[in-house]
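Taking it in order: structure first as structure tokens, then the write-up.
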Amino acid sequence: MPLRPAAPRRTGRLSWLELDSVRLEGNPLGDSHRRVHPVYLPAGYDESDRRYPVLFCLAAYTSAGPAQVNWRNQGENVPARLDRLIDEGRMPPVIVVFPDCYTSLGGNQYVNSPAIGAYADHLVDELLPEVDRNFRTIPEPAARGVFGKSSGGFGALHLAMSHPGHFAAVASHAGDCGFDRVYLRDFPVAAGVFARYNRDLEAFVRSFWRAKRPGGADFHALMVLCLAASYSPSNDQPLGLSLPFDLRTCALDEEVWARWLSFDPLVRIEQDHAHLRELSGLWVDVGSRDQYFIQYGTRAFIDRLEALGVEHVYEEFDGTHSGIDWRLDHSLPWLVARLKAASGDSI
């Protein structure tokens, strides 16, 4: 018996979809509008004219689509996990898109913002139809799903509520929720980092990308800037964003904070739950020991889903925010089972 598990008998392949984005052209961060998005094509794709349902995988903060398909020395990247799940008969073959939405602020929340770029529009207005044109998808919303972890899980919920009618099923793994419990503790840390740069936000970002060993506090400070660029853009402020706290006293700016809260799934559900009710499948899970305290807002979100009569599956597992890719073994077969499949397909 081999020490390591053998690879599946049949494996898919990656294709790289290059796309010049009109939506991202001229974005204020100067990030490239030319993106290369990995696309997983299942085993057998090249031997038939079959059409497939499609999933979009939204990466967490600090990551992007290309990182999702990188080789791993231990465990599985997402394509290897898909190969195994399909080979074991736990889910039918599916196309999976890994969008590259990385930015100079270290990641993405997948929203439209004049401070960072129109990434939600890029996904639904540009990448989605380009995937349908270039690959044998089932080109209709009933055959599309979106999933992600952390910021990617938030992005999946955001797209379902802000851009309804493009995806039929959604899975959010530890998606940002309950902002008052998740983000507030990072503000004093970020203020302390910015103080080292005389509160010059652009100087901090430039230094971050040139540092040999940026620390954990630096990553958190950069994340706060990414969140502010996403939730509270302001054309007349440095980096085109307003922070929800005072840089000297760290006192909360209630007006700016209210703009952040308007993106919180726990707040948005009150007016947008009808869009979630229209989904063929909604999966939410979170670790009971999540170190960012996302479990608390998620529990409240689930309470509201139940009170509003929105069908869903919720699982709270024994784990943290880290090392939770194994959750895809549970969510992906469930998600694909709720999508329209090609005629004759079955699990």
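The values are calculated or read from the model by the stated rules, or taken from the named source; none is laboratory data. Quick caveat: nothing in here was measured; it's all calculated off a predicted structure. All Cβ positions, even for glycine, are placed from backbone atoms using ideal geometry, and neighbour counts span all protein chains on display.
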Of these, HIS37, HIS33, which one is touching a Leu at 6+ places or on another chain (Cβ under 6 Å) and without any contact (Cβ under 8 Å) to a residue 24 or more places away in the chain?
HIS33
Filter segment 197-216 for residues that are at pLDDT below 95 and either among the aliphatic types (A, V, I, L, M) or assigned by TED's automatic domain parsing to the domain that holds THR103 (or both) and give the result.
ALA211
Conditions (1) within 30 Å of HIS330 (Cβ to Cβ); (2) out of contact with any Pro (no Cβ under 8 Å at 6 or more places or on another chain); (3) surrounded by 14 or more Cβ atoms within 10 Å (Cβ to Cβ): number failed by SER207
(1)
The conditions are (1) crowded, with 18+ Cβ neighbours inside 10 Å; (2) within 27 Å of ARG10 (Cβ to Cβ); (3) among the acidic types (Asp, Glu), and ASP176 fails exactly one of them. Which is it?
(2)
Set ARG206, ARG185, ARG213, ARG248: member being of a type outside the set (A, V, I, L, M) and touching a helix residue (DSSP H, G or I) at 6+ places or on another chain (Cβ under 9 Å)
ARG248
Options ALA80, ALA43, ALA7: the member that is farther than 18 Å from ALA156 by Cα, of a type in the set (A, V, I, L, M) and loosely packed, with under 13 Cβ neighbours inside 10 Å
ALA7
Sole residue being in a helix (DSSP H, G or I), farther than 27 Å from GLY26 by Cα and touching a residue at least 60 places away in the same chain (Cβ under 8 Å), chosen from ASP121, ASP180
ASP180
Take segment 131-174 and flag every residue that is touching an Asp or Glu at 6+ places or on another chain (Cβ under 9 Å) and among the polar types (S, T, N, Q).
SER150, SER151, SER162, SER172
Determine which single condition TYR197 fails, assuming it passes every other condition in (1) part of a helix (DSSP H, G or I); (2) on the phi < 0 side of the Ramachandran plot.
(1)
Within segment 72-79, does at least one residue satisfy the condition of being β-branched (Val, Ile, Thr) and within 16 Å of LEU335 (Cβ to Cβ)?
yes
Among the listed residues GLY30, GLY65, identify the single one that is farther than 27 Å from LYS340 by Cα, of a type outside the set (Ser, Thr, Tyr) and within 23 Å of the chain's Cα centre (by Cα).
GLY30
Does any residue of segment 167-177 turn out to be assigned to a helix (DSSP H, G or I) and in contact with a strand residue (DSSP E or B) (Cβ under 9 Å, 6 or more places away or on another chain)?
no
With respect to the numbered conditions (1) in a helix (DSSP H, G or I); (2) free of Cβ contacts under 8 Å to residues at least 40 places away in the same chain; (3) among the hydrophobic types (A, V, I, L, M, F, W, C), which one is the sole condition not fulfilled by LEU85?
(2)
Going through segment 55-82 one residue at a time, which ones are farther than 19 Å from TYR119 by Cα and in contact (Cβ under 8 Å) with a residue 12 or more places away in the chain?
VAL69, GLY75, GLU76, VAL78, PRO79, ALA80, ARG81, LEU82
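I'd like the full set of residues that are in a helix (DSSP H, G or I) and of a type in the set (Gly, Ala, Ser), limited to segment 256-274.
Scanning segment 256-274 gives ALA258, ALA274.
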Anything in segment 30-58 that is touching a strand residue (DSSP E or B) at 6+ places or on another chain (Cβ under 7 Å) and aliphatic (A, V, I, L, M)? List them, or say none.
VAL36, VAL39, LEU41, VAL54, LEU55, LEU58
One residue is enough: does segment 47-64 have a residue meeting the conditions closer than 24 Å to ASP176 by Cβ, out of contact with any helix residue (DSSP H, G or I) (no Cβ under 7 Å at 6 or more places or on another chain) and of a type in the set (D, E, K, R)?
no
Output the residue which, of all residues in segment 26-57 that are part of a loop (DSSP other than H, G, I, E, B) and aliphatic (A, V, I, L, M), is nearest to GLU126 (Cα to Cα).
LEU29
Picking from LEU225, LEU247, the residue that is of a type in the set (A, V, I, L, M, F, W, C) and not in a loop (DSSP other than H, G, I, E, B) would be LEU225
Residue among VAL69, VAL111, VAL97 that is crowded, with 21+ Cβ neighbours inside 10 Å, under 19 Å from LEU41 (Cα atoms) and either at pLDDT 95 or above or out of contact with any strand residue (DSSP E or B) (no Cβ under 8 Å at 6 or more places or on another chain) (or both)
VAL97
